[in-house]
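In what follows, a structure is listed as structure tokens, so that the remarks can point back to it.
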Amino acid sequence: MNLDDPRAQRTRARLRAAILELTVAKDPAAITMTEVARHAGVNRATVYQHFPDVNALVTDAMEDAVTHVTRAAALCPVDAPRDTVPAPLDALFRHVSDGAALYRRMLGTQGSTLFTTRLRERLTGELTTSFREGRRPPGFEDVPVELHAAYLAGALMGVLTTWITQETPAPADGTALAFWRLFRS
């Protein structure tokens, strides 16, 4: 299959949209390829031509979300004042808040392990790259760059997960500020 073919791109976009809509309402582990096909308006064989299973489809569909979150985290200026949330971090928390139902499902206890692993790995990688390009907070020269990046990625994942999976999540701006203050300490 030629993934550059506009028809294949449209089909993949429909499949991604279908799985994301289904995931908001249902545990990804309980979604079948037949449901995805029906929701996307395609034949089940078509789904299998593009993705081997539901997990692969979910992972692919969430790639834009992973990219958005990791880029925003890596772009945060380390010299912003403690009481001023950097714009990329504010955008990250607003993005997660805007997609709360999906992120709650993906980061919660019934979420996709592939998604959380991919998000953590990408966060660590983006932060490592950012730190190597000179955007590392001062005072950590005695800590290996990769370890520092993994620590911050884990902290961000923990905060995002705890926040968005609460029954009534606090406002995004307040949570972003709390995270920034923890980060700056």
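The values are calculated or read from the model by the stated rules, or taken from the named source; none is laboratory data. This is a predicted model, so every value here is computed, not measured. Glycine also receives a Cβ, built like all others from the backbone with ideal geometry; neighbour counts cover every protein chain displayed.
The table that follows gives values for the structure above.
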{"quantity": "Residues satisfying the stated conditions in the stretch 3-16, i.e. farther than 8 Å from Ala61 by Cβ, of a type in the set (A, V, I, L, M) and in contact (Cβ under 8 Å) with a residue 24 or more places away in the chain", "calculated": "Ala8"}
{"quantity": "Among the residues listed as His39, His95, the single one being touching a helix residue (DSSP H, G or I) at 6+ places or on another chain (Cβ under 6 Å), farther than 18 Å from Leu156 by Cα and not basic (Lys, Arg)", "calculated": "His39"}
{"quantity": "Selected residue (only one of Gly41, Gly139, Gly108 is of a type in the set (Gly, Ala, Ser) and closer than 19 Å to Arg16 by Cβ)", "calculated": "Gly41"}
{"quantity": "Test: Thr84 is modelled with pLDDT of 90 or more and over 19 Å from Arg181 (Cα atoms)", "calculated": "no"}
{"quantity": "Filter pass, Leu147 being part of a helix (DSSP H, G or I) and under 29 Å from Pro28 (Cα atoms)", "calculated": "no"}
{"quantity": "Test result for Val42, at negative phi and in the same structural domain as Ala153 (by TED's automatic domain parsing)", "calculated": "no"}
{"quantity": "Residue that is farthest from the chain's Cα centre (by Cα) [pool: residues in the stretch 105-125 that are crowded, with 20+ Cβ neighbours inside 10 Å and modelled with pLDDT of 90 or more]", "calculated": "Thr124"}
{"quantity": "Residue pairs meeting the criteria (Cβ under 7 Å; at least 6 apart or on separate chains; first under 8 Å from Thr124 (Cα atoms), in the stretch 141-161; second surrounded by 13 or more Cβ atoms within 10 Å (Cβ to Cβ) and of a type in the set (Phe, Trp, Tyr))", "calculated": "Ala149/Phe131"}
